[in-house]
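These notes concern the structure reproduced below.
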Amino acid sequence: MVVVLVHWLIRPGKEEDFKARWEQMIIGANEGLYREILTELDREPANPKFHTFSLGDPFYSTFINIGVWESVDHFDRAVGKYIPEAEIVEKDGRQKFSIELEEFEFKLRERTVLKILSDRGGQLPEAKLRE
């Protein structure tokens with residue numbers, strides 16, 4: 001089991017466009033997804049002890065997608081179609097990478113895979129969206 005975090009950097013005023021598109025990115029049943037949660041920064045509580053990540057920026061809105069998957073391969077098979085491929089052009093010993101962004105993206109989304117070491121807690125509430 002792995003956790004995949006995706007950091008979305010969304011143009012101001014395009015947040016609703018992004019959320020609508022995210023809900024359209026369908027993951028079928030039995031594709032290895034245990035749970036996926038879309039989050040956004042919450043400015044409350046105002047106490048800075050709760051806000052120590054450097055995720056906020058006045059130039060874009062931040063959304064974090066948290067997915068719990070059976071494996072990275074399952075994630076790639078189910079979601080890879082939504083991940084833009086870089087076009088690489090080589091010229092004079094240098095490389096130029098070009099990636100198409102969605103209209104609502106401020107810059108390319110960032111992602112990382114986390115290995116689960118341990119866990120605790122109870123059941124999550126029922127999911128809002130169905131597979």
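The values are calculated or read from the model by the stated rules, or taken from the named source; none is laboratory data. In this text, all values refer to a predicted model and were calculated from it rather than measured experimentally. Heads up, the Cβs are rebuilt from the backbone with ideal geometry, glycines too, and the neighbour counts pull from every protein chain shown. The protein model used for the area step is the full one, side chains on, heavy atoms only, and it has no ligands, DNA or RNA in it. Shrake-Rupley method; radii C 1.70, N 1.55, O 1.52, S 1.80 Å.
Just one residue in the set Val4, Val68 is part of a strand (DSSP E or B), over 16 Å from Arg109 (Cβ atoms) and among the β-branched types (Val, Ile, Thr); that residue is Val68.
The set of residues from segment 8-34 being in contact with a Leu (Cβ under 9 Å, 6 or more places away or on another chain) and either under 9 Å from Phe104 (Cα atoms) or among the basic types (Lys, Arg) (or both) comprises Leu9, Lys19.
Let's see how each residue does on (1) under 20 Å from Val4 (Cβ atoms); (2) modelled with pLDDT of 90 or more:
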| site | (1), (2) |
| --- | --- |
| Ala46 | no, no |
| Gly56 | no, no |
| Asp73 | yes, yes |
| Val79 | yes, yes |
| Glu90 | no, yes |
| Ile99 | yes, yes |
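The set of residues in segment 34-49 that are over 21 Å from Trp22 (Cβ atoms) and surrounded by 10 or more Cβ atoms within 10 Å (Cβ to Cβ) is empty. Scanning segment 61-78 for residues that are open to solvent by 40 Å² or more (accessible area, probe 1.4 Å) and closer than 18 Å to Leu9 by Cα gives a single hit, Ile66. None of Lys96, Lys81 is in a strand (DSSP E or B) and open to solvent by 50 Å² or more (accessible area, probe 1.4 Å) except Lys96.
In segment 104-131, the qualifying residues are those that are touching a helix residue (DSSP H, G or I) at 6+ places or on another chain (Cβ under 7 Å) and at pLDDT 95 or above, and the one that is nearest to Lys19 (Cα to Cα) is Phe104.
The set of residues from segment 99-119 being assigned to a loop (DSSP other than H, G, I, E, B) and either closer than 17 Å to Gly67 by Cα or open to solvent by less than 70 Å² (accessible area, probe 1.4 Å) (or both) comprises Ile99, Glu102, Phe104, Ile116, Leu117, Ser118, Asp119.
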